[in-house]
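Chemist: So that we are looking at the same thing, I have put the structure below in structure tokens.
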């Protein structure tokens, strides 16, 4: 909403439509995508939120196993 209000607060709308229409259009797109999604998570969301929270709580350094993913070019020859 702040993006759409900016040209009107700063007075840029007086310079013509090309100065305020992009901001208002982007705000309308963002609000439309918000309405089409389910941000509350109470709808038909198939995501296992508890599994995601559990995975995010793990230490990423503890998950790395094995050696380096790449070898130096001098070691290949």
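No lab work stands behind these numbers, since they all come straight from the coordinates. Since the model is a prediction, treat every value here as computed from it, not as a measurement. Virtual Cβ from ideal backbone geometry, glycine too; neighbours counted across all protein chains shown.
Chemist: So, in nm, how far is label residue 2 from label residue 17 when the simple model puts each one 7 Å beyond its Cα toward the Cβ?
Modeler: Label at residue 2, label at residue 17, 2.9 nm between them.
Chemist: Per-residue counts of other Cβ atoms within 10 Å, averaged by peptide: what ranking do you get for 18-28, 60-70, 1-11, highest first?
Modeler: Taking the mean over residues of other Cβ atoms within 10 Å, the ranking is 18-28, 1-11, 60-70.
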